Structures are given as structure tokens and as C-alpha cells.
Amino acid sequence: MTSNLPWKTIKEYKDILFQQYKGIAKISINRPHKHNAFTPLTVQEMSEAMELARQDTSVGVIILTGEGGKAFCSGGDQSVRGDGGYVGDDFVPRLNVLDLQRQIRTIPKPVVAMVAGWAIGGGHVLHVICDLSIAAENARFGQTGPNVGSFDGGFGASYLARVVGQKKAREIWLLCDQYDAQDALQMGLVNKVVPLEELEATTVAWCEKILEKSPLALRMLKSAFNAELDGQAGIQELAGNATLLYYLSDEAKEGKNAFLEKRKPDFSKFPKFP
Ligand code: S0N
């Protein structure tokens with residue numbers, strides 16, 4: 001899968017590509033020889049790029065993908081799996097993909113999974129957590145945990161069940177079958193299926209549509225969708241956005257200004273909406 005778009009490299013990494021085109025940031029796992037399996041370093045780099053994309057006010061939407069056209073991501077790299085997690089150069093076992101999952105979930109910008117080839121194991125969970133998933137016709141989806149001695153009982157189970165329903169989610173985990181792109185579309189696991197050659201153009205077209213929309217409205221919607229499912233953390237996210245909006249109002253500014261001017265605030269002029 002080659003790109004015809006003039007993506008600009010934002011920062012050089014070892015395991016990922018981090019690029020931008022217009023207001024679209026693209027984070028791409030670049031380990032095609034391992035079907036884009038992730039190590040602690042891969043995840044650390046993805047996390048940093050995700051944070052950079054969050055902080056960059058010119059970025060309105062993020063694409064998550066994998067290089068090579070044969071795999072989105074095949075999960076944790078089993079060759080560096082140690083006793084307590086995945087082991088990097090510092091010999092410390094980690095499961096830092098869980099932090100990345102929460103980042104994708106809470107970043108106040110839409111994240112779109114662009115899936116070609118395998119989305120398997122922890123790689124499957126990554127696409128599930130993204131706000132939207134666009135799949136190439138060659139995409140294959142599934143969980144492998146019970147085959148390889150692991151499981152994701154967090155978003156990988158509960159949020160998957162919210163997406164495809166309890167029976168289907170249990171089938172996916174208990175049987176560890178693989179599903180093609182049309183199966184995925186039918187069960188609501190992906191939003192659209194396109195030929196591989198059209199995957200990037202379609203994903204970018206969707207992102208461009210998103211970029212035309214009100215960023216604050218998108219931000220509120222993402223946190224509203226999350227709030228229903230994420231308990232106190234979800235309410236904190238939604239409430240943080242409500243605070244952001246309130247800060248922008250003259251009413252909130254009157255409170256701040258009165259404090260700085262050492263006077264009593266005058267909120268009388270602000271309407272008491274019904
Ligand atoms: C994807 C599969 C089905 C593709 O098969 P295919 O096309 O026959 O290709 P292969 O020849 O198998 O693969 C090509 C090369 O890539 C290597 N490779 C592929 N996947 C991995 C991987 N995950 N780790 C390391 N190497 C990988 C192959 O070895 C091969 O290399 P060469 O040619 O040198 O032999 C097939 O590849 C497959 O089944 N892959 C493994 C999928 C898998 O089981 N992934 C791990 C699943 N678990 C997780 O991801 C858990 C991590 C996690 O996110 C987590 C989260 C929360 C809580 C717990 C966990 C947890 O740790 O459990």
C-alpha cells in the first residue's frame with residue numbers, strides 16, 4: 001500500500017512513522033516483518049506521537065495504521081514477551097499498550113483506524129478502541145489470547161462487547177476465529193470496507209470531512225460517548241470539556257476578573273436560563 005499524498009514527517013522514530021498532511025496526523029507501526037507486532041518501544045513511540053498530536057492545535061484528527069499493506073498490527077511481539085509483560089532494552093517487563101489504549105480513548109480528537117491485513121490480538125483491540133475503523137478488503141480480524149496464553153479483560157472484552165454485542169464478543173474470544181472485512185462490517189466492527197488501493201484515499205477523505213466540523217462539538221461528542229461507559233473517569237472527561245466551554249464564557253471571565261481586580265463579582269447581568 002503506497003501513499004500518493006505528500007505526508008510530512010513530524011518526528012523520526014525507530015518503530016513507527018509519525019507524519020502529517022493538512023490537519024491529519026498519521027501514526028503508523030513500521031515493523032512489517034513482524035506483521036507490525038508491538039514491543040514496549042513501539043508502544044512508547046506511539047504514545048509520544050499521540051501526545052504530540054494531542055498538543056498540536058493544527059491537528060484535528062489522527063489516523064492509526066500499520067505499514068506494508070499486510071497487517072495493521074498483530075498484537076504484542078511474542079518474541080519479547082517475558083514473565084511479567086513485554087520486555088524492552090531495559091529488561092523491565094511492561095504492558096504499556098494499556099496506557100496507549102486509554103490515550104486513544106481519551107484524546108479529544110477523533111482517532112481513525114486504517115486497517116489493511118491482520119488486526120489480531122492486542123492489535124485488534126487497538127482498532128476496536130479507535131473512534132472509527134476503515135478496512136481494506138484484505139483485512140482480517142480476531143483475538144488470539146486463549147491460544148497464546150493471554151487475554152485482555154479490559155477494553156478488549158467489555159468495549160468489544162459494547163461494539164458487537166455480548167454473544168459475538170464472547171464468540172470472538174472463546175473461539176479465536178478470524179473474520180474477514182465483510183464479516184467485520186456486518187457485525188459493526190468496522191465502518192466501511194474498500195479495496196486496498198482505495199484505503200488511504202478513503203480514510204483521508206473521511207478525515208477531511210471530520211476536519212470541516214466544529215472541533216469543540218467533536219470533542220464534546222467523543223467524551224459524551226465515553227462518559228456513558230467509563231464511569232467516574234468518563235464523567236471527569238466530559239466535565240473537563242464543560243469547564244473548557246464555561247471558561248470561554250463572559251460569565252466565567254467575570255469571576256476571574258473580579259478576583260484579579262479585588263472586587264466583588266457581578267453575575268447579575270448573566271441570564272438564568274430555563
Ligand atoms: C497474524 C497471523 C495470523 C498471520 O499469519 P501468517 O500470515 O501466516 O504470517 P506469519 O508467518 O505467522 O507471520 C509473519 C512473521 O511475523 C511474525 N509475527 C506475526 N505476529 C507476531 C507477533 N504477535 N509477535 C511476534 N512475531 C509475530 C511471525 O513470527 C513471522 O515471522 P518469521 O517469518 O520470522 O517467522 C500470525 O502471524 C499470528 O497468529 N500472529 C500472532 C498473533 C498473536 O497471537 N498476537 C499476540 C496476541 N496477544 C496480544 O497481543 C496481547 C497483548 C496485549 O495487548 C494485552 C493487552 C491487555 C492485557 C493483556 C495483554 C496480553 O499480554 O495478553
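Annotation: of all residues in the range 120-129 being more than 9 Å from the ligand (Cβ to nearest atom) and crowded, with 24+ Cβ neighbours inside 10 Å, the one that is farthest from Met46 (Cα to Cα) is Val128. Contact annotation: no residue pair with Cβ atoms under 7 Å, 6 or more positions apart or on different chains, pairs a residue in the range 228-242 that is at pLDDT below 95 with a partner that is of a type in the set (D, E, K, R). Looking only at the range 3-47, which residues are in a helix (DSSP H, G or I), within 13 Å of the ligand (Cβ to nearest atom) and either touching a residue at least 24 places away in the same chain (Cβ under 8 Å) or among the hydroxyl-bearing types (Ser, Thr, Tyr) (or both)? Hits for the range 3-47 are Pro32, Lys34, Pro40, Thr42, Val43, Met46. For the range 1-17, a tally of residues being over 15 Å from Thr202 (Cα atoms), modelled with pLDDT under 95 and of a type in the set (A, V, I, L, M, F, W, C) returns 0.
Scanning the range 170-195 for residues that are touching an Asp or Glu at 6+ places or on another chain (Cβ under 8 Å), closer than 19 Å to Trp206 by Cα and not in a loop (DSSP other than H, G, I, E, B) gives Ala181, Val193, Val194.
Just one of (1) of a type outside the set (Asp, Glu); (2) within 24 Å of Ala233 (Cβ to Cβ); (3) in contact with a Pro (Cβ under 6 Å, 6 or more places away or on another chain) fails for Gly68. It is (2). Could you tell me which residue of the range 75-92 is modelled with the highest pLDDT, considering only residues that are at positive phi and within 12 Å of the ligand (Cβ to nearest atom)? Filtering the range 75-92 for residues that are at positive phi and within 12 Å of the ligand (Cβ to nearest atom), the one modelled with the highest pLDDT comes out as Gly75. Checking each residue in the range 249-274 for being within 26 Å of Ala224 (Cβ to Cβ) and surrounded by 10 or more Cβ atoms within 10 Å (Cβ to Cβ) picks out Ser249, Glu251, Ala252, Lys253, Gly255, Phe270. Among the residues making up the range 93-119, those that are near the ligand (Cβ under 10 Å from one of its atoms) and either within 11 Å of the chain's Cα centre (by Cα) or at positive phi (or both) are Leu100, Gln101, Gly117. The one condition from (1) at pLDDT 95 or above; (2) aromatic (Phe, Trp, Tyr); (3) more than 12 Å from the ligand (Cβ to nearest atom) that Phe72 does not meet is (3). Only one entry in Arg102, Arg162, Arg170 is of a type in the set (Lys, Arg), more than 28 Å from Leu199 (Cβ to Cβ) and modelled with pLDDT of 95 or more, namely Arg170.
The values are calculated or read from the model by the stated rules, or taken from the named source; none is laboratory data. These figures come from a predicted structure and were not determined experimentally. Heads up, the Cβs are rebuilt from the backbone with ideal geometry, glycines too, and the neighbour counts pull from every protein chain shown.
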